[in-house]
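Student: Here it is, the structure in full.
Values in this text are rule-based calculations from the coordinates and carry no lab data. The structure displayed is predicted, hence computed values, not measured ones. Virtual Cβ from ideal backbone geometry, glycine too; neighbours counted across all protein chains shown.
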Amino acid sequence: MLAAYKETETDASRVLYINSKDATTFFNNNQSDFVFSLQEPIVVPEHHSMLMSVFSAEIPYSFYNFRVGVNCRLDYAVTPVNVVADYDANGFLDLTPVAAQSLILPEGNYTAVELADYLSNNVAAAGPVYPLEVLFDPIKLKFSFRCLLKNLRVTLAMKNGASTAEDMNEELGFDLIGVQGDPWVELNLGANQWKNGFSNPTLAGVPPVPVAGAGTDTISNGPFLTSPSWFLYADDVVDVTNSIRSLFLRTNLSTTSVLDSHIGGGFSNILTRVPINSGPGGIITIQPTNGDVHKLLLKVKSITDIAITLTNQKNQVINLNGLTFDISLKLEFIAQKELEPGPNRRADFTKEQAQALENFIEGHSVMASKAPKETKKKKSKQNKK
């Protein structure tokens, strides 16, 4: 039997309010990933289906855009001018020498200016001294780098750092596509001249070869801009929101309604995307006026448990740092309208019409059977001549 869905609300529509602190089960002790069990199941009435949408949500902006283990690490080396940093046999920056270090940014929310200031004041050499100047250019929206201390070179191991899984390359504006080496900046004592370029490490223990020029590991003019003061610019604009650009609410009830490019365009468990419409310390909201946008047609006939997960665009669970959030789910029951089979047009013919149709078909069959024989006779007569 065919069925069609009449998308109109019925009197049985409901709104379910959930606060994450009331969850039945938390995963990994995180209040952004939980299961809520209903005391009484929600049962879909007979001959109905259920639509679900987000009616409203209030989420505190208490998560960080820089998190340890995700994007807080910068490996670097400070060496004498014209001296290439040490790399191991696999081509990664060797952190064994005193000159090489790892800077771990404390977790928190940083603006571009705050991040530039922290790097300038914490990329250190023996002394301690701080040879690196990092500035944020509000016109280009890019970071620029310059060495401030004479006779020193600072190498930023963005391409060949010891741990690429937690680096801040993209946040700093370095995607390093097509670049093999690590950017460096230095200041010569005699010429009082700033220089920059790339160190291009090679494998199998062969000493790394410094590559001259600003912006590439192979030619002198590459994608990295410089200024008259020999600042080395990042190739892309700053992206301090790279790790959390938007929020997604996910549920175990949604598996066949939303497609996600992050998993190759396959079906995902996304319930809705939550735009970040507040700054750190504020409340991110979805109001009833804009929350009821996308409705999911659920295949289940009853709901006893609802799993809710709050993630970023990379499907990583958001850490609200001890705070909870509220979400309201709107459930609508829609009637399934049964469609009668279409009429049999042949049954409406009268006997005379049916007989006329049969005679027409039979006449065409007789003509078709005679046609080849006549052609054959004509051919045989022509052969006798």
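Student: Sort W194, W184 by Cβ crowding within 10 Å, fewest neighbours at the top.
Tutor: Working: W194 19, W184 27.
Going from least to most buried by this count: W194, W184.
Student: OK, next. Return the distance in nm (one decimal) between the two label points of a simple spin-label model at N188 and S13, each offset 7 Å from Cα along Cα→Cβ.
Tutor: Distance between the two pseudo-spin positions: 7.4 nm.
Student: Lys and Arg at +1, Asp and Glu at -1: add these up for the other residues within a Cβ distance under 13 Å of N19 and post the number. It would help to have the intermediate numbers written out before the result.
Tutor: Working: positive: K21; negative: D22, E58, D326.
Around N19, the surrounding residues sum to -2.
Student: Moving on. On a full-extension model of 0.36 nm per residue, what is the gain between S37 and T304, subtracting their alpha-carbon distance, rounded to one decimal in nm?
Tutor: Values: separation 267, 0.36 × 267 = 96.12 nm, distance 0.60 nm.
Result for the pair: 95.5 nm of gain on full extension.
Student: Too long at a 21 Å Cα-Cα cut-off: which of K140/K314; K301/K330; K21/K299; K295/K337; K21/K295? Don't skip to the end; give the middle numbers.
Tutor: Details: K140/K314 27 Å; K301/K330 16 Å; K21/K299 28 Å; K295/K337 19 Å; K21/K295 26 Å.
Over 21 Å Cα-Cα: K140/K314; K21/K299; K21/K295.
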